[in-house]
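The values are calculated or read from the model by the stated rules, or taken from the named source; none is laboratory data. Quick caveat, the model's predicted, so the values are computed rather than measured. Neighbour counts are summed over all protein chains in view; Cβ atoms, including those assigned to glycine, are modelled from backbone coordinates with ideal geometry.
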Amino acid sequence: MSRVRSALALAVGLAFASPAPAWDQASLDAALHARLQGDRTGACVAVAVIGQEQVLRSRACADPGQLARIADDPAFEIGSVSKTMTATLLAGMIAAGEASLDDPLADWLPEGSHVPDFQGQPILLRHLVTHSSGLPALPPGTALGPQDPYAAIDADELLAALGRSELERAPGSAFEYSNFASMLLSMVVARRAGVTFEDLLQRELFQPLGMAGAHVNRRPDEVRAAAGHDGNGQPVPAWTFHDEAAGVGGVRATLEDMIRYARAQLGAAPTPLSAAIELSQQPVDGAPGRGMGMNWMLVPLNGRQWHAHEGATAGFSSFLAFDREAGRAVLVLSDTGMASTGGLGSLALHLMDPAVPLGQPRRSVDAPAGLLDGLAGEYRLQNGMTMRLSRQGERLLVAPEGQAAFEMGYDSAGDFHPLVFDALLRPVRRADGGYGFQWHQGGGVVEATLLAPAPAAAFQADPATLQDYVGHYPLAPGFALRISIDGGVLHVQGTGQPVLATTAVAADVFAVQAVAAELRFERDDDGKVSALSLHQGGQVLRGQRQPD
């Protein structure tokens with residue numbers, strides 16, 4: 001239920017300067033259509049752009065003929081956006097004088113529970129809502145189901161896993177996203193209230209806001225559950241949660257429910273809920289250098305301060321962000337798990353500010369023959385697994401150690417993907433000109449190391465040609481790449497970013513190893529460099545050359 005973003009791609013997305021954005025129905029429909037039309041995931045997406053005076057809604061599918069999947073406002077799994085609701089329940093207790101962020105977690109657990117500390121420093125509630133508890137991402141020693149990973153985790157298992165946990169650093173000293181910590185928070189707020197977690201949500205949040213379709217395990221008869229799909233468009237089972245752990249990601253809600261929740265974040269909630277919501281939005285001291293509210297990520301975007309949270313399950317994706325001061329919110333819900341392909345972030349950021357590139361649909365295309373040949377070899381992943389990659393006709397064949405081989409498709413973003421399950425293989429150019437890759441699955445990223453010998457000689461760029469590339473390349477309003485030479489090495493600098501060295505890996509192709517990016521230069525009919533494209537994180541930005 002978490003995401004990893006590459007540093008340069010995020011910096012590009014947040015660097016633009018633009019006037020205050022304004023959407024109308026036609027432009028919103030057009031943007032959603034442009035992002036989804038023909039996307040290989042087959043995703044259907046429902047969005048809302050919420051202002052003080054109006055709410056714009058739009059729905060679209062990669063295949064327009066599939067729009068019935070989401071047409072009647074079904075309930076989506078909202079994944080980790082549920083965490084913000086759990087935090088609101090805690091904030092209500094704090095606002096009522098019944099709790100404090102500085103309460104030790106141990107005080108909220110059954111007597112005799114083992115709670116790890118670090119050299120006497122305890123885990124506090126503030127550490128749970130800022131992902132700085134030091135607890136691992138998942139309950140240690142707990143078996144997760146392959147299709148329904150959280151189904152077996154109840155209160156007894158959470159306490160047993162806590163007893164198996166040890167802290168390697170002081171709580172509050174570093175940010176580490178922890179679903180385990182969020183499950184514990186879910187359990188303890190319900191225990192303190194003396195009711196089930198779902199009953200607490202209904203009483204304190206859903207009913208006051210009129211979120212009639214929102215639920216955990218008790219779906220209202222009049223609400224249809226949307227069917228989830230993986231990143232290849234194949235149906236996948238819904239996730240289930242024991243009530244005690246459901247605050248980590250177990251809420252289901254319709255678009256209209258979530259619009260009501262978003263408007264509450266902008267100040268429309270009734271009292272006393274309004275006090276809890278406002279308190280949950282306030283900055284909380286947690287890990288140094290990481291802006292957090294209570295389970296809200298604080299995101300600066302073009303001079304504005306947004307609160308945001310993304311969610312992902314096997315079959316669904318979600319994103320909610322709001323700027324309370326400006327009275328604006330953006331909501332995106334999908335019936336497709338898109339964690340491996342980068343989630344809904346690029347679409348959501350574009351809806352927050354149209355100056356941020358929208359991103360393009362991932363369409364299935366043929367892989368370049370040179371790439372298929374270049375990736376062939378045996379690799380070891382960081383988790384110890386080995387994989388053999390080979391070319392089979394126009395396909396890449398992957399054979400994990402001890403498992404059946406499977407074929408990979410290829411898309412217009414430059415990534416390979418299995419045809420039978422949701423994952424992604426992203427090629428990465430090495431400094432010697434050859435290829436390695438990153439394996440993306442379930443929201444995580446694992447680097448692969450080539451075990452076979454590297455090529456005998458790396459590609460060498462002619463030093464006399466480096467001057468051909470020097471110049472400015474505007475990629476979007478307010479953002480450009482500057483190409484320069486220092487010490488015989490080509491360097492790149494994005495607007496407002498540090499200077500980074502590049503490595504020549506092929507003719508007119510340079511790798512930026514520090515941020516896993518690639519620069520590809522284009523030449524005109526006279527052989528002069530005329531444009532550049534930046535390839536990173538499955539996205540491509542292109543700009544014409546402007547000489548210094």
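Of everything in segment 268-295 that's within 19 Å of the chain's Cα centre (by Cα) and assigned to a loop (DSSP other than H, G, I, E, B), which residue is nearest to A423 (Cα to Cα)?
Applying the filter and picking the extreme gives N295.
Collect the residues in segment 35-77 that are assigned to a loop (DSSP other than H, G, I, E, B), charged (D, E, K, R) and either within 20 Å of G213 (Cα to Cα) or in contact with a Ser or Thr (Cβ under 8 Å, 6 or more places away or on another chain) (or both), keeping them in residue-number order.
Passing the criteria: R40, D72, D73.
What number of residues within segment 100-127 satisfy the criterion of being farther than 19 Å from P139 by Cβ, in contact (Cβ under 8 Å) with a residue 60 or more places away in the chain and touching a Gly at 6+ places or on another chain (Cβ under 9 Å)?
Number of matching residues: 1.
How about segment 392-406: which of its residues are assigned to a strand (DSSP E or B) and more than 22 Å from G315 (Cα to Cα)?
Passing the criteria: Q392, R395, L396, L397, V398, A399, P400.
Hey, could you check segment 305-319 for residues that are out of contact with any helix residue (DSSP H, G or I) (no Cβ under 9 Å at 6 or more places or on another chain) and in a loop (DSSP other than H, G, I, E, B) and say which is nearest to V248 (Cα to Cα)?
That would be A314.
Tell me whether segment 296-304 contains one or more residues that are over 17 Å from the mean Cα position of the chain (by Cα), under 17 Å from M352 (Cα atoms) and in a strand (DSSP E or B).
yes
State whether the residues of segment 385-402 include one that is touching a residue at least 12 places away in the same chain (Cβ under 8 Å), touching a strand residue (DSSP E or B) at 6+ places or on another chain (Cβ under 7 Å), closer than 30 Å to S27 by Cβ and not aromatic (F, W, Y).
no
Tally the residues that are assigned to a helix (DSSP H, G or I) and of a type in the set (G, A, S), restricting the search to segment 234-267.
Of the residues in that region, 6 qualify.
For segment 475-488, enumerate the residues that are touching a Leu at 6+ places or on another chain (Cβ under 8 Å) and either surrounded by fewer than 20 Cβ atoms within 10 Å (Cβ to Cβ) or assigned to a loop (DSSP other than H, G, I, E, B) (or both).
Result: A476, S484, I485, G488.
Checking the structure you have, find out if any residue of segment 83-101 is assigned by TED's automatic domain parsing to the domain that holds D221, in contact with a strand residue (DSSP E or B) (Cβ under 6 Å, 6 or more places away or on another chain) and surrounded by 23 or more Cβ atoms within 10 Å (Cβ to Cβ).
yes
Do we find that G112 is assigned to a loop (DSSP other than H, G, I, E, B), assigned by TED's automatic domain parsing to the domain that holds F241 and at pLDDT below 95 in this structure?
yes
Residue-by-condition table, conditions (1) hydroxyl-bearing (S, T, Y); (2) without any contact (Cβ under 8 Å) to a residue 40 or more places away in the chain; (3) outside any loop (DSSP other than H, G, I, E, B); (4) out of contact with any Ser or Thr (no Cβ under 6 Å at 6 or more places or on another chain):
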| site | (1), (2), (3), (4) |
| --- | --- |
| T465 | yes, yes, yes, yes |
| R520 | no, yes, yes, no |
| D526 | no, yes, no, yes |
| S533 | yes, yes, yes, yes |
| R542 | no, no, yes, no |
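Given the criteria in a loop (DSSP other than H, G, I, E, B), modelled with pLDDT of 95 or more and under 30 Å from S274 (Cα atoms), does S100 qualify?
yes
Scan segment 202-222 residue by residue and report those that are closer than 14 Å to M258 by Cα and in contact (Cβ under 8 Å) with a residue 60 or more places away in the chain.
L205, P208, L209, G213, A214, H215
Please specify each residue of segment 156-187 satisfying the condition of being touching a residue at least 40 places away in the same chain (Cβ under 8 Å), over 24 Å from T84 (Cα atoms) and assigned to a helix (DSSP H, G or I).
Listed by number, the list holds a single entry, G163.
Looking at segment 411-428, is at least one residue hydrophobic (A, V, I, L, M, F, W, C), closer than 17 Å to V515 by Cβ and either in contact with a strand residue (DSSP E or B) (Cβ under 8 Å, 6 or more places away or on another chain) or surrounded by 20 or more Cβ atoms within 10 Å (Cβ to Cβ) (or both)?
Yes; the residues of segment 411-428 include at least one that is hydrophobic (A, V, I, L, M, F, W, C), closer than 17 Å to V515 by Cβ and either in contact with a strand residue (DSSP E or B) (Cβ under 8 Å, 6 or more places away or on another chain) or surrounded by 20 or more Cβ atoms within 10 Å (Cβ to Cβ) (or both).
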